[in-house]
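Asker: This structure is in structure tokens; I'll ask about it shortly.
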């Protein structure tokens, strides 16, 4: 059974009757089901219900589809960090909001984040994505270090380890969370932040 591409939105580049965003949506679903390396353009064309030449009218090939997909996830995550970096609150508050908002990003962009977390560096596109993921990790670790310095979270754990534990937990949601169920993104973010940050709070001074 093929999945037809939705009609193009007004003003979008591309062949009439097709839409690059909807093409990307279906491509990401196929990449997640079959694996990026295991998906050929023939399979994409079959699932989309269009010819390969119609796909090439919108993108140069599979690599561009992957880059568009992982960039969408990464851009959303970096936007959270950039917003929080500009906020005039404590590092501890910004760190917790970053984690909460990252959960919302994951829920909103679940197929794209899932694909991002599965790249392994087998191509130039994947290596660029991994480099941006490392940059994200470094920036979160820096925020953790600032929160520890102001006494908001424990300072006896390496900030890099804390960062990995925080986002390792957030990233694990791709394995079981499905939007539209009984658990809303807000409730999920509240529960996750409570569990994570209760364990990270700096212990009060002895005798306090």
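Asker: Check 186, 191 and return the single one that is more than 15 Å from the chain's Cα centre (by Cα), free of Cβ contacts under 8 Å to residues at least 40 places away in the same chain, exposed (fewer than 13 other Cβ atoms within 10 Å of the Cβ) and under 30 Å from residue 111 (Cα atoms).
Answerer: 191
Asker: Return yes when residue 35 is outside the structural domain of residue 132 (by TED's automatic domain parsing) and within 24 Å of residue 174 (Cα to Cα) and no when it is not.
Answerer: yes
Asker: I need the helices (runs of 4 or more DSSP H) fully contained in the stretch 61-171, keeping only those with at least 1 residues that are more than 24 Å from residue 43 (Cβ to Cβ) and at pLDDT 95 or above.
Answerer: In the stretch 61-171, 62-86, 91-108, 124-149, 159-171 are the helices (runs of 4 or more DSSP H) which contain 1 or more residues that are more than 24 Å from residue 43 (Cβ to Cβ) and at pLDDT 95 or above.
Asker: State all residues of the stretch 48-71 that are surrounded by 17 or more Cβ atoms within 10 Å (Cβ to Cβ), over 22 Å from residue 122 (Cβ atoms) and touching a helix residue (DSSP H, G or I) at 6+ places or on another chain (Cβ under 7 Å); if no residue qualifies, say none.
Answerer: 48, 58
Residue-by-condition table, conditions (1) closer than 16 Å to residue 73 by Cα; (2) more than 19 Å from the chain's Cα centre (by Cα); (3) surrounded by 13 or more Cβ atoms within 10 Å (Cβ to Cβ):
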site	(1), (2), (3)
90	no, yes, yes
95	no, no, yes
125	yes, no, yes
128	yes, no, yes
133	yes, no, yes
141	no, no, yes
156	no, yes, no
163	no, no, yes
166	no, no, yes
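Asker: From the set of residues in the stretch 102-123 that are in contact with a helix residue (DSSP H, G or I) (Cβ under 6 Å, 6 or more places away or on another chain) and without any contact (Cβ under 8 Å) to a residue 40 or more places away in the chain, which is surrounded by the fewest Cβ atoms within 10 Å (Cβ to Cβ)?
Answerer: 121
Asker: In the stretch 36-51, what residues are in contact (Cβ under 8 Å) with a residue 40 or more places away in the chain and under 18 Å from residue 114 (Cα atoms)?
Answerer: 36, 37, listed by residue number.
Asker: Any idea which of (1) surrounded by fewer than 13 Cβ atoms within 10 Å (Cβ to Cβ); (2) part of a loop (DSSP other than H, G, I, E, B); (3) under 16 Å from the mean Cα position of the chain (by Cα) is the one residue 181 doesn't satisfy?
Answerer: Residue 181 satisfies all of (1) surrounded by fewer than 13 Cβ atoms within 10 Å (Cβ to Cβ); (2) part of a loop (DSSP other than H, G, I, E, B); (3) under 16 Å from the mean Cα position of the chain (by Cα) except (3).
The values are calculated or read from the model by the stated rules, or taken from the named source; none is laboratory data. Note that the structure is predicted; figures quoted are calculated from it, not measured. Positions of Cβ are backbone-derived with ideal geometry, glycine not excepted, and every protein chain shown enters the neighbour counts.
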